Structure formats: structure tokens, C-alpha cells
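Working notes, beginning with the structure itself.
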Amino acid sequence: MRYLLLIFAALMLSGQRDPILVPEISQHEVRVRQGFTGTELLLFGAILDPRGQRAGREYDIIVVLRGPSEPIRLREKERVGGIWMNTESSDFRSAPAFFAVASSRPIEEIVDTKTAAIYEFGTDYIQLSPSGVIDTDEQLRFSRGLVDLRTREGLYKQDMDGVTITEQVLYQSRISLPSNVVTGTYTAETFAVTRGRVIASAVTQVEVRKVGFERAVEVSAENYGLLYGLVAVFLSIFTGWLAGRLFAMV
């Protein structure tokens, strides 16, 4: 039923000359509750020519799902005198909290490196924004370190065979969000590529937000910072005092 709606929407845009790409996502809101273990998003859609018929040429699909950007400081640990210590660090003004790429086949078989870099088709092409004066080699080392760290955390990922295309009309891809996903607005960009050139693109969004007790804690920390801090300190002191009393009775 949803695919029929996509095709109908494409027909309504038949006045355009370029191919029409109509994307959709399985859920536009992800609710993070206590015990949240992650979820899977289904990104799907259709690509048709301006007359609402099957596109007359072969094409590939690339999907880029990006989370909200945030500033981050990355620290490097080294063993100094037998103790692991923070040594050098690098600041990034804008790094996506989540980044995933799925494509119908390996990126290097679809576009050249220049095009991949422009559209950020892969974790190797994420456009990070370092701040301050830093050596080029050091910047590259810290950038790769950040990508590697978030890849191991499940926050950065790529699947070079993660998009299925049916009859050169319909496509679908599944991207999983881990339990440690950051809340905010996520942007899913879908690109249709033929002969190394992006011929159509479209964007859809999904909102990840906390609900229930987790949401109440988040709102309290943001809007009532002083009170939240005082309550947290009081609970810490009370818990320590209670534990001491219990152990004293044993």
C-alpha cells in the first residue's frame, strides 16, 4: 500500500524533467524508553521518470542517515611512567553523533572519490570540522581516531550491499540504531546515481526523543540545572550515609 502511495506521489510531480525520487521511512519518530535496546529503520521508496513510469536506465541507490551534529573534544591517551594519561587532544566544531551509509554496491564502483567526498558517501568521507591550529597529519590522525572510535561503538557504519533494488523502480534498505543513540533530528538522504553522476536526491527525517522518566530527567537537567545538581548531590550524600549505616549494623 505504501509503495502505491509513493508511485502516486511521483505521478503528481510529472511536470519535472529530471527523474523523480520519492523516499519514505518506516517510522518518523523513535521513542527512547528505559531499557531501550535499539531499533531498525526501513528506508524505502521509488524512482520514476517524469511521466510516472519506470526509469529508462540502470541506476544505483545510496542512502546516508546522519544524526545531529555536536562539538566534541577527542583526547589521546598514552602510557607515561606506567600510567595511562590524557596527552594530546583535538576539538571538532561539528561531528555527526550518528552516521550510516548503505548502497546497492560498493561505493568505488558507483562514483569516483571526488563525488564520494562531496556527498559524504562513506565513513572515510565524513566532513569533520576541526577547530584551532593543528598540523594536517595530526588532524588526519585524530579524524581517523574519531571515526574508528564511533565505528566500534556502533554509531558510524557503512553497508556496501545494504540497498535492494527491485525492477529498477523500488528500493529498500535497513539501518539499525544502537541503544546508545543520541536524541535529536536525524536526516536520511537518498541519492540515485547513474554512470557516476547523481541524477536525483531527496530527504526525509526521523525524530529520536526520550519519553517517560528519561525525558523528565533530561528536561530537568536542561531547564533546572541548579536544582538538578543540588538534588543529585543530596542523593549521593544520602546514599553514602545510608550505605555506611547499613554496613555499621552488620
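The values are calculated or read from the model by the stated rules, or taken from the named source; none is laboratory data. What you see is a predicted model, and the numbers here were worked out from it, not measured in a lab. Methodologically, a virtual Cβ is constructed for each residue, glycine included, from the backbone with ideal geometry; neighbour enumeration extends over all protein chains shown. For accessibility, only protein heavy atoms count, side chains too; no ligands or nucleic acids. Shrake-Rupley method; radii C 1.70, N 1.55, O 1.52, S 1.80 Å.
Cross-link partners among lysines for Lys114, C-alpha distance below 25 Å, same-chain residues fewer than 8 apart left out?
Reachable lysines: Lys157.
Under a point spin-label approximation (7 Å from Cα along Cα-to-Cβ), what is the Arg105-Asp137 distance to one decimal in nm?
3.9
With a 1.4 Å probe and all protein chains kept in place, how do Ile62, Ile126, Ile118 rank by accessible area, largest first?
Ranking Ile62, Ile126, Ile118 by accessible area, largest first, yields Ile118, Ile126, Ile62.
Report the relative contact order of segment 113-205, percent, no decimals, based on alpha-carbon pairs under 8 angstrom and at least 6 residues apart.
14
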